[in-house]
Amino acid sequence: MAKRNLQARGPVDGGTRSHSGLRIDGARLLGRLDELSKIGADPAGGITRLGLSDQENVAMAYLRDLCAEAGLKTETDPAGNLLVHRPRTRRDAAPVLLVGSHVDTVVQGGWLDGAYGVIAALEVLQVLHEHDVDLPVEVVAVAFANEEGALIQTPFWGSRALCGSLEDGLAAEDRTGRPVSEYLVQAGGSPEHLADAAWTPGSIAAYLELHIEQGPTLERLGLPIGVVDGIVGRTILDIDVVGEAQHAGTTPMPDRRDAMVAAAGIVLAAERVVTEHAVCATATTGYLEAHPNVTNTITGNVRMSVEVRDTDPANLVRGEAAVREECSRVAAASGCDVDVRASMRSQAVSTAPELRDAIRGAADALGLPHLTMPSGAGHDAQIVALVAPIGMIFVPSKRGISHAPGEDTAPDDLVHGANVLLHSVLGAQAPVAAWL
Ligand SMILES: [Zn+2]
């Protein structure tokens, strides 16, 4: 960062006192969200703006245009991430406070998941720019590419590239076998220089992400702001249940090894792990495929997945162990073979207490009640948490709906959340500067 004469710029207080009256432009924020929601609008409902697709590219171009109008500088990195900074500084000149989210969606997803955090981050940067606010730790906004992994099935693509944890990235492809490199070139990225998307260790001073809750908690409690204390870790267990396919009419009930019945036992047992035994936060059977899947044949085998989540790594381990135990019990009782293997584990991460305090302070100053709560969904923040302290802000989701066309948040809540982000950026200056 260029040496500046701070005295010449008027009041300098790290943005904590004299800027208490600063507000984001609510109408501008809502207008931009509305415009962005038209990019990838799906005729069948919702928004289909898949990561690294043409639609995400158009959305990134829209953001670049907004930034150019606002006098902000943009750069697309080799992974297709959009980085935005004020013209007064280089984005790579010093440890920065990174603020952002993603603009891709799932198929027929909602208009706010990710997009809200990016538009709000740009709004914060624009307000700081318009008011020429001096900050000890400069702010850089980011729109991470391909967070959802719906087209190129590498979720958190952009944040992993930026944080140096995208191993074997170029091996990724879409379901038709088209390599990610072709998509990357169209996104303005660079397959040859993909590794250069990684920032040097220490260059992210901290990361803040504003996001819709994607669950019903804040709305039910009538609270406008969530202060995220941790993001759940997740373990996916792939389960094969092998019984014996036989005639549905002639095989006596005691002689059967019915894989479907065994699978049903596992589905219900996995639910009880949480509802009766409170071992971990959630357990879900989301995938199940029966063979031969024929009306008058006893099911021979079932492939299924049970995933467990918790913010406490110990509970995650206990949850996995409990599901495995239930599988063994079902195997013994049914005579079926049940094979269980973990196909994915993601770590639970905690947000930084200092950043939680900055978010609470911002909400308090704005007169907004808040709740400290975990995030049950994964976010780019959980990738950044491996290299820098993170903070996350939630706003309510109407009826808790997300990843679906009905995803929505009240306009007032959207504006409140962006103001909390702005004042969290200001309030986090002192603790973040102290870390450097
Ligand atoms: Zn998201």
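Observations on the model:
- Helices (runs of 4 or more DSSP H) (entirely within segment 346-436) containing at least 1 residues that are more than 28 Å from GLY149 (Cβ to Cβ) and of a type outside the set (Ser, Thr, Tyr): 353-365, 411-427, 429-435
- On inspection, PRO155 passes the criterion of being within 16 Å of the ligand (Cβ to nearest atom), part of a loop (DSSP other than H, G, I, E, B) and modelled with pLDDT under 95.
- Within the set LEU128, LEU82, LEU97, LEU135, the sole residue that is aliphatic (A, V, I, L, M) and within 16 Å of the ligand (Cβ to nearest atom) turns out to be LEU82.
- All conditions but one from (1) at pLDDT 95 or above; (2) over 30 Å from THR200 (Cα atoms); (3) away from the ligand (no atom under 16 Å from the Cβ) apply to ALA342; the one that does not is (1).
- Some residue of segment 102-115 being surrounded by 24 or more Cβ atoms within 10 Å (Cβ to Cβ), within 16 Å of the ligand (Cβ to nearest atom) and in a helix (DSSP H, G or I): yes
- Considering only residues in segment 254-300 that are within 26 Å of the chain's Cα centre (by Cα) and in a strand (DSSP E or B), the one that is surrounded by the most Cβ atoms within 10 Å (Cβ to Cβ) turns out to be ALA283.
- GLY417 vs. criteria assigned by TED's automatic domain parsing to the domain that holds PRO201, at pLDDT below 95 and either on the phi > 0 side of the Ramachandran plot or crowded, with 18+ Cβ neighbours inside 10 Å (or both): no
- VAL340 vs. criteria in the same structural domain as VAL241 (by TED's automatic domain parsing) and in contact with a Leu (Cβ under 9 Å, 6 or more places away or on another chain): yes
- Hits in segment 362-405 (condition: at positive phi and more than 14 Å from the ligand (Cβ to nearest atom)): GLY367, ARG399, GLY400
- Any chance ASP174 is among the acidic types (Asp, Glu), in contact with a Lys or Arg (Cβ under 6 Å, 6 or more places away or on another chain) and at negative phi: no
- For THR217, the test of being polar (S, T, N, Q) and more than 30 Å from LEU426 (Cβ to Cβ) is failed.
- Subset of segment 193-221 [away from the ligand (no atom under 16 Å from the Cβ), surrounded by 14 or more Cβ atoms within 10 Å (Cβ to Cβ) and not in a helix (DSSP H, G or I)]: ALA198, TRP199, SER203, ILE204, ALA205, ALA206, PRO216
- When residues of segment 75-88 are limited to those that are out of contact with any Gly (no Cβ under 8 Å at 6 or more places or on another chain) and farther than 16 Å from VAL127 by Cα, the one surrounded by the fewest Cβ atoms within 10 Å (Cβ to Cβ): GLU75
- Of all residues making up segment 222-253, the number that are in a loop (DSSP other than H, G, I, E, B), surrounded by fewer than 21 Cβ atoms within 10 Å (Cβ to Cβ) and in the same structural domain as CYS336 (by TED's automatic domain parsing): 8
The values are calculated or read from the model by the stated rules, or taken from the named source; none is laboratory data. As the structure is a computational prediction, the values presented were derived from the model and not from experiment. Cβ sites come from the backbone with ideal geometry, for glycine too, and all protein chains shown count toward neighbours.
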